[in-house]
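Below is one structure, written out as C-alpha cells; the observations come after it.
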Amino acid sequence: MLPQINTGNTGFMILCASLVMLMTPGLAFFYGGLVHRRNVLGIMIQSFVSMGWTSVIWFAFGYSMCFGPTIGGVIGNPTSHAFMRGIDLTTLFAGDKELGIPTLVHVCYQMMFAIITPALITGAFTNRVTFKAYMWFLTAWLIFVYFPFVHMIWSPDGLLAKWGVLDFAGGIVVHNTAGFAALASVLFVGRRRVVDAHPHSIPMVALGTGLLWFGWYGFNAGSEFRVDSVTAAAFFNTDTAASFAAVTWLVVEWLHAGKPKFLGLLTGAVGGLATITPAAGYVAPSTAALFGVVAGVVCYYAVVLKNNLGWDDALDVWGVHGVGGFIGIVMLGLFADKTWNPAIPTDGLFVSGSPEFFLKQLVAVCVSSIWAFAFTYGMLRVINGITAVKVDEATEKTGLDEGLFGEQAYQADVALM
C-alpha cells in the first residue's frame, strides 16, 4: 500500500525542481553572451556538462553525503542512500512527514541546486581553463565544499543547523561558497592573455537573465517545501529584491558612468536575487526591498573594487554571488522576522535586539568564505599537478571553441562581430 502523499505539495515541488533545472541553461546563456564569440561554446559546455556529471555523482553518493545519517555533523554517510538505496515508491521525505512528498522529489529538487552551484564559478575563469581540469575541479569541489555545507546547514543533524544558523535557499550553500571559490580560481589561474573587448551578445545575456529570474522563483519559493503563506512571501520577496537591485544598479552606474547600461540592469537583478536567497522566506517584503537596494549598491562597488585591484574575475562571480551571498546572510542576522515565518527560532538583531543570532550568521558566512577560498586554491594546485589547469597561449588566442572542442558557435560568414 502506497503512503498518503500530499498531491499539492508534491506537484508544486516537481514544478519548482523543473524551474531550478532551467536556471542552468539560463546561466549558460547569461555567461555565453558575455564572452567573445570564439569562446561561447567553451563557457556554455561547462554549465551543461554539470547537468550530466553532477547528476551522476548525486545519484551515486552525493545525496547520501548531503542528507544521509550524519558523521560528526559535517557530512552524511556516503553509502546510506548510494545509488538510491532504500528509496522506493513508499518512501516519504523524512525531513518533515507532514509535507507528504516522496523522497525522490526531494532528491530531484536538491540535485538541481547541486548542478548549478559549481557552474556559477565558471564565469570567473572563462577563456582560460582546460576542460579536463574543469572536470576534476567540478568533481572535487562538489565533494569537499558543496556537499559538506549542504549537510551542515540543511540537514537536521548538521553542525551549523543545530547551532542555529539559517539559510533559506542558499546564501552560504550556493552563492557565498561559489563566489569565494571563484575568487580563489581567479588568483590561481591568473589573468587572461586575451581580454574580450566587450560581450558578443547582450541580447543573449538578457535571455539568460530572464531564465535565471524565472527559475529563481522555484529556487526560493520551493525551499519552503510546501504551499503556504511563507511560500507566497518567499516568491514575492524574490521578485521585489531583484527589481529593486536592478534599478539601483542601473541608477548607480548611470551616475558613475554617465549613461544607463542595459548590462548593468541585468547584472543588478542577478545580484539582488543572490542577496535575497538566504532570507527570502524569513523577512518582510519591505525588508526584501531594502535587500535589493543594498545589493545594487554593494555588489556594484564590489565589482569596481575588483577592477581596481586587477582581479580578472571575467564575469564578476565574486562581486555578484560571493558578495551578494555574504551580505544576504549578514542582513538575515539583522532582519529575520518571526512574524513572517513563525517557524524560525529567533528574530534578527534589528527586530529583537539580541546579537546572538546575528553573530552566528556572521561567523558561519566567514567560515564558509575562508573554507571555499582555501580549499579551492589548494585543490587547483593539486589538479595542476595532474593536468594543466590553464590553456596554452595558442589555444587562448584561437579561442576555446576551436582549440579545445573543434567546434564553432557561429559560421564565419554569419558571425556576430
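Worth a mention:
- Phe405 vs. criteria surrounded by 15 or more Cβ atoms within 10 Å (Cβ to Cβ) and of a type in the set (A, V, I, L, M, F, W, C): no
- Residue among Ala197, Ala221, Ala232 that is open to solvent by less than 40 Å² (accessible area, probe 1.4 Å) and either small (Gly, Ala, Ser) or modelled with pLDDT of 95 or more (or both): Ala221
- The set of residues in segment 341-361 being among the aliphatic types (A, V, I, L, M), touching a Lys or Arg at 6+ places or on another chain (Cβ under 9 Å) and in contact (Cβ under 8 Å) with a residue 40 or more places away in the chain consists of Ile344 alone.
- Meets criteria (touching a residue at least 24 places away in the same chain (Cβ under 8 Å) and either farther than 27 Å from Trp163 by Cβ or under 24 Å from the mean Cα position of the chain (by Cα) (or both)) for Gly86: no
- Filter pass, Arg37 being basic (Lys, Arg), in contact (Cβ under 8 Å) with a residue 40 or more places away in the chain and open to solvent by 10 Å² or more (accessible area, probe 1.4 Å): yes
- Given (1) open to solvent by 20 Å² or more (accessible area, probe 1.4 Å); (2) among the aliphatic types (A, V, I, L, M); (3) free of Cβ contacts under 8 Å to residues at least 40 places away in the same chain, index of the condition Ala60 fails: (1)
- Just one of the listed residues (Ala279, Ala289) is among the aliphatic types (A, V, I, L, M) and surrounded by fewer than 21 Cβ atoms within 10 Å (Cβ to Cβ), namely Ala289.
- Search result, residues across segment 157-174 that are within 17 Å of Gly62 (Cα to Cα) and open to solvent by 20 Å² or more (accessible area, probe 1.4 Å): Asp157
- Residues of segment 86-111 classified as open to solvent by less than 30 Å² (accessible area, probe 1.4 Å) and either in contact with a Gly (Cβ under 6 Å, 6 or more places away or on another chain) or assigned to a helix (DSSP H, G or I) (or both), total: 7
- Segment 127-149 - residue that is over 26 Å from Glu402 (Cβ atoms) and of a type in the set (Phe, Trp, Tyr) and, of those, surrounded by the fewest Cβ atoms within 10 Å (Cβ to Cβ): Phe144
- Taking the listed residues Ala124, Ala119, the one that is of a type in the set (A, V, I, L, M), part of a helix (DSSP H, G or I) and crowded, with 21+ Cβ neighbours inside 10 Å is Ala119, with no other qualifying.
- The numbered conditions (1) open to solvent by 10 Å² or more (accessible area, probe 1.4 Å); (2) part of a helix (DSSP H, G or I) are all true for Val227 except (2).
- Among the residues listed as Gly385, Gly348, the single one being at pLDDT 95 or above, within 26 Å of the chain's Cα centre (by Cα) and either more than 24 Å from Ala124 (Cβ to Cβ) or loosely packed, with under 15 Cβ neighbours inside 10 Å (or both): Gly348
- Exclusive hit being among the β-branched types (Val, Ile, Thr), touching a Phe, Trp or Tyr at 6+ places or on another chain (Cβ under 9 Å), open to solvent by less than 60 Å² (accessible area, probe 1.4 Å) and in contact (Cβ under 8 Å) with a residue 12 or more places away in the chain, set Ile14, Ile5, Ile43: Ile43
- Residue among Val303, Val283 that alone is aliphatic (A, V, I, L, M), in a helix (DSSP H, G or I) and at pLDDT 95 or above: Val303
The values are calculated or read from the model by the stated rules, or taken from the named source; none is laboratory data. Just so we're clear, the structure is a prediction, and the values are computed from it rather than from any experiment. Cβ sites come from the backbone with ideal geometry, for glycine too, and all protein chains shown count toward neighbours. Only protein heavy atoms, including side chains, enter the accessible area calculation; ligands, DNA and RNA are left aside. Shrake-Rupley method; radii C 1.70, N 1.55, O 1.52, S 1.80 Å.
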